Every structure is written in C-alpha cells, then in structure tokens.
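Reading through the structure tokens given below for one structure.
Each reported figure results from applying straightforward, stated rules to the coordinates on display, with no laboratory input. Not measured: the values here are computed from a predicted model. Every residue, glycine as well, gets a Cβ built from its backbone with ideal geometry; the counts of neighbours run over all protein chains shown.
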Amino acid sequence: MNTSSFLRINRLTRSHTQGQFRKKIVFHLQADFNIDEPAIVGMLGANGAGKTTLLELIAGNDTPTSGNVLCHGQDIHKVKYMQRGRIVKHHRQPNHTRKFKQSLKPDFMLEPARHNEPKIHLFDEPDMGDWYISLLFDKFRALKEQGHLVFFCAHPLSVSDLGLVRDVCDHYVFAQEGSFRQVTDFEMLMKDDQVRDYFGSLAEQMDAADLASAGRRRAAQ
C-alpha cells in the first residue's frame, strides 16, 4: 500500500440496505484508486451514481462497510471526529447536506489528526452555469500550486461546461452505479464508451468543436 499518496481509496465499499429482518442491498459503492501528488481531479457521473457518498466517505462523515480512506497515510475514519476537518475540508452545497450514522467507537479511542491545515479539498457539484465558476476554478488552480489536492464533482451540460472541466482538471474519476474508476487524461476519458454514453449527444458536440478548433489552428499556421 502506498502510504505516501495524497489520497488512497483502499478497497472501499459502502452498502445501503432496506428492511429490518430481511435486509436488501439497495445501493453498493466500491472504489479503489490513489492520487499521489497535488492535482485537480474531476469526478463525473450521473445523479445517483454515488459521487456525494464517496465524498462523504473521504471526508470521514460516513462510515465504510469495508476498506479505508488514507489521507496523507492517515486513516480518516480513525481520526477524532472533530479533528477530521484538519485533514479534509468538505465544501458542501446547502442542498447536499446529509446525516450519516457515525462509527460506534467513542472519540477518546480515536487518534488525533496529524495536520492542522487541510490539504485535501472536496467540492460537490458547483453550478457550472453560475457567474463565479471561472473564479472558483482559479481557486482550484491556486490550491494546487500551494500543494493541495482538489477533488470536485462535475455535471457538464454544455460544450462550454465540458471545455472548462477539461481545461482545469489533471485527472478524472468516472462514477457509474456505485463503481468508480480513475482516468488519467481527457483524451482517454472521451474515448471511453461508458463515458460517451453518459454524455450522450454532448460527446459528439465536443468532438465537432475540437475538430473545428484544430482546423482553425491549422489555418492560422
């Protein structure tokens, strides 16, 4: 296991069940990836794919069914509850606030945070259409330059939205029905069949926009 990673999602699972006597799994999350250096990571996927649940697990606000989340080598779920914000800062949208069942382990049995300033920042689906999105992305870049990791959910609805995501992100994580996988760059992302299905006609519009842009560059040379 690479404990020097900024963020290590180690065989993480989270199952939600219904029923008191015959429990039925209604949602199952599974993720396993790591990010080794300061970066801006975009997480894409449909509503209900588990993006917010994963962010809550990374922040230590929800308890995994199995596996763990290592932030700078420290298991976030073994850190004292009120000190987890010293490691990971979760910037929530007001309508994304949720209540989760915490671990039964009392606070005095948990370990202190090893950091006083969070180096991992989580942003849950900022509105791509808002006027301040360019300012927010500038903030992401500044955090990265300062040695931080930015992890944000995105739901692009237009070619310009998708272009903004491409321009700001170093890596991507794609979520589908509770399963997460890492994609190293935008070109590989747009070649993925499942990603293209998710984007639908937007993927074809992006292809056309890129071809037109390449043509203009060649004509200007």
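Expressed to the nearest 5 percent, the antiparallel share of DSSP beta bridges inside the chain is 50 percent. When the Debye formula is applied to the Cα atoms of the stretch 1-84, each taken as the same point scatterer, what base-10 log of I(q)/I(0) results at q = 0.11, 0.12, 0.21, 0.22 Å⁻¹? After summing over all Cα pairs, the log10 values are -0.33, -0.39, -1.04, -1.12. For the chain, adding -39500 (n - 2.57) for each run of n ≥ 4 DSSP H residues and dividing by the number of residues yields -9000 deg cm²/dmol at 222 nm.
Rg(Cα) of the stretch 159-211 divided by 2.2 N^0.38 Å?
Normalised by 2.2 N^0.38 Å, the Cα Rg of the stretch 159-211 equals 1.09.
Each label point was placed 7 Å from the Cα along the Cα-to-Cβ direction; for Asp210 and Lys105 their separation is 4.4 nm. Once the C-beta distance of Asp36 and Gln176 is scaled by a Förster radius of 22 Å, the resulting FRET efficiency is 0.35 to the nearest 0.05.
Where Lys and Arg each count +1 and Asp and Glu each count -1, what net charge lies around Ala113 among other residues with Cβ under 15 Å from its Cβ?
Every neighbour counted, the sum reads +3.
With Cα atoms defining each centre, the stretch 1-65 and the stretch 109-143 are spaced 18 Å apart in the structure.
Remark: the stretch 104-192 projects, on average over all directions, an area of 8.6 nm² (convex hull of Cα atoms). Its Cα gyration tensor gives the chain an equivalent ellipsoid. The semi-axes, each the square root of 5 times an eigenvalue, are 33, 21, 15 Å from largest down.
Taking amide H as placed 1.01 Å from N in the peptide plane, the amide H of Val173 sits under 5 Å from that of Gly42, Met43, Leu44, Val183, each at least 5 places away or on another chain. Among the listed pairs Lys51/Lys139; Lys78/Lys144; Lys78/Lys139; Lys78/Lys119; Lys80/Lys119; Lys119/Lys139, a Cα-Cα separation exceeding 23 Å is found for Lys78/Lys144; Lys78/Lys139. For the peptides 144-151, 17-24, 180-187, the ranking by packing is 144-151, 180-187, 17-24, with the highest mean count of neighbouring Cβ atoms within 10 Å listed first. May I ask for the percentage of alpha-carbon pairs in the stretch 40-93 that lie more than 16 Å from each other? Summing the P(r) of the stretch 40-93 above 16 Å gives 44 percent of all pairs. For Phe27, the residues whose modelled amide H falls within less than 5 Å of its own, excluding neighbours fewer than 5 places apart on the same chain, are His16.
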